[in-house]
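Reading through the structure tokens given below for one structure.
The values are calculated or read from the model by the stated rules, or taken from the named source; none is laboratory data. Just so you know, these numbers come straight off a predicted model, no measurement behind them. Please note: Cβ atoms are built from the backbone with ideal geometry, for glycine as well, and neighbour counts cover all protein chains shown. What goes into the accessible areas is simple: the full protein's heavy atoms, side chains included, and nothing from ligands, DNA or RNA. Shrake-Rupley method; radii C 1.70, N 1.55, O 1.52, S 1.80 Å.
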Amino acid sequence: MSKPTLLILAAGMASRYGSLKQVDGFGPHGETIIDYSIYDAIRAGFGKVVFIIREEFLEKMKEVFDKKLEGKIEVDYAFQDFDLTKFGVNHVIERTKPWGTAHAVMSAKDKVNEPFCVINADDFYGSDSFDKMAKFLTTEVSDQQMSLMGFQVGNTMSDYGYVSRGVCEVSPTGHMDSVTERTNIYYKGEGDDRKIVYEENGVENDLDPETRVSMNFWGFTPKIFEVAQAMFPAFVEENKENLKAEFFIPSVPDYMVKHKLADFKVIPTSSKWFGVTYKEDKPIVQESISKLVADGVYPEKLF
């Protein structure tokens, strides 16, 4: 079976290389979060990485990544833009923002012919996640059986404010029944009394720290392109006046589950997710990576 591909959502990444949070230096030699994801993917057995970017940043991205990854993994690029005709939509809609993460994935449909996973450029997922996803994509995946990496919400929090997470309802068989975006999850209380809550319609609801959440780490076959493209024209028609509307990845698996097109296995991981939601998170991420390097999980210099 062919090696799986890593698809990285990076369309906002290269506009000012070195100043955006996803390309900030976090490792001992200025390694970015994305460098650790690619290192983990190579180690787990992925055969190709495809960056989804804006076309005007191609040369900058090639300059940064091609030489560094040469001989380690195949590298390719897909472009997210505003041309809707390639997805069967004849409207010309003036927007400043692209159409969201599912639209970004659709933009790679001519670059990927094998099972693949999707990640965010600016999230640190941990080696356990890539190992488990690679195993799934080489031994279990099919057009009827896809997956998402299920993180424990307690391993994805910030001490400095609220976070948004896709909260998963998981069936007794370990499959996704639904995924609901909760936009206001935070810590409440101090010390032993501290708990995780989410707010909805002004009401606080407790959330078990072990609740599985999606961090946009999905395992797909190319079938997802076909389903997303079938859904997209209706989404555009419905939202053509809403210039901030975005076609998000979770809406596609949610549709597939509800219409019995596929099951989505929730792969449990105990990995701690790191991300820079608030500027105060940065030193914590740096310290966490330093500890992983000190413990031998990563070499001091990745590439």
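What to note about this one:
- Across 70, 114, the residue with the most accessible area heads the list, and the full order at a 1.4 Å probe is 70, 114.
- Cα→Cβ-extended label distance, 7 Å offset, between residue 245 and residue 144, nm: 3.4 nm
- For the listed residue pairs 188/244; 109/223; 135/291; 3/72, the alpha carbons are over 20 angstrom apart in 188/244; 135/291.
- In this structure, residue 223 and residue 190 have a Cβ-Cβ separation that, at R0 = 45 Å, corresponds to a calculated FRET efficiency of about 0.40.
- Prolate/oblate/rounded call for region 91-204, Cα gyration tensor, a/c under 1.5 rounded: oblate
- For the set 147, 164, 107, solvent exposure ranked by accessible area (probe 1.4 Å, protein chains only) runs largest to smallest as 164, 107, 147.
- Here the chain is treated with +1 on each Lys and Arg Cβ and -1 on each Asp and Glu Cβ, and its dipole about the Cα centre works out to around 600 debye.
- Measuring between their Cα centroids, region 185-202 and region 71-110 lie 38 Å from each other.
- Cα-based shape type of the chain, given that a ≥ b ≥ c are square roots of the gyration tensor eigenvalues and the cut on a/c is 1.5: rounded
- Accessible area per residue was computed with a 1.4 Å probe on protein heavy atoms; residue 212 scores about 50 Å².
- In the chain, helices alone account for a calculated mean residue ellipticity at 222 nm of -8000 deg cm²/dmol, with every DSSP H run of four or more residues adding -39,500 (n - 2.57).
- Full extension of the chain between residue 255 and residue 164 yields a length gain of 30.7 nm, computed as 0.36 nm times the residue separation minus the alpha carbon distance.
- Rounded to the nearest 0.05, the FRET efficiency derived from the C-beta distance between residue 278 and residue 200 at R0 = 22 Å is 0.50.
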